[in-house]
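As structure tokens, the structure follows; a few thoughts come after it.
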């Protein structure tokens, strides 16, 4: 497990779900994490999963699910984005907490060509290529809008990958093994009643790395 090299700064408070028995509170100050009053730790060997998801649903603060032993600061951070308000909140929260880390913003997109109407007489391949080009164009613009001037302040890479969000994030983690994955708790596909997106819940249950789940609306 890796912890931030810089302090977790206001206004966000962090709930830490600690599945690593050796990551005791006494170790936390050595990496400048403000334990008193800003971090609540839940230590259970098998807490990650459905219980973690329940805590995230109720939390109004970012929730850090810890799976690894302390090795050093988070240096590589992967952020799942779908350009919704919650994913924007997750990106900005990660920037404020981990300004010295290297970020990779990952967007999973789907191509769903409409073969009806004006496309009825066109080849399937032609319609699919056109739709993929349109989706990618929009995603590139949305990504540029999301990043804005942040690229001048932090190290940012981007990845646009076709597929379902959970499959794309899992494949990225398996290949690149980032120190931390960040995701918003409600994405574009979630209903107002679902305070945690199904993708984020899946990541909390399945990923072998630490996961920071950020609520759509943070309270100080």
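Computed from the Cβ-Cβ distance with R0 of 35 Å, the FRET efficiency linking residue 133 to residue 171 stands at 0.95.
Taking 7 Å steps out from each Cα toward its Cβ at residue 67 and residue 124 produces label points 3.7 nm apart. Using only the Cα atoms of segment 63-114, build the gyration tensor, take square roots of its eigenvalues as a ≥ b ≥ c, and label the shape rounded, prolate or oblate: rounded if a/c is under 1.5, else prolate if a/b is larger than b/c, else oblate. Because a/c hits 1.5 or more and a/b exceeds b/c, segment 63-114 counts as prolate.
Counted residue by residue at 0.36 nm each, then reduced by the alpha carbon distance between them, the extension gain from residue 100 to residue 161 reaches 19.4 nm.
What shape does segment 64-189 take by its C-alpha gyration tensor, where a ≥ b ≥ c are the square roots of the eigenvalues and a/c under 1.5 counts as rounded, a/b above b/c as prolate, and the rest as oblate? Verdict is prolate for segment 64-189. For segment 138-182, rounded, prolate or oblate, judged on the Cα gyration tensor with a ≥ b ≥ c (square roots of eigenvalues), a/c < 1.5 rounded, else prolate if a/b > b/c? It comes out oblate by the Cα gyration axes.
Since every read-out is calculated from the coordinates, none of them should be taken as a lab result. Everything quoted here is computed from the prediction, not taken from an experiment. No Cβ is skipped: glycine too gets one built from the backbone with ideal geometry, and neighbour counts run over all protein chains shown.
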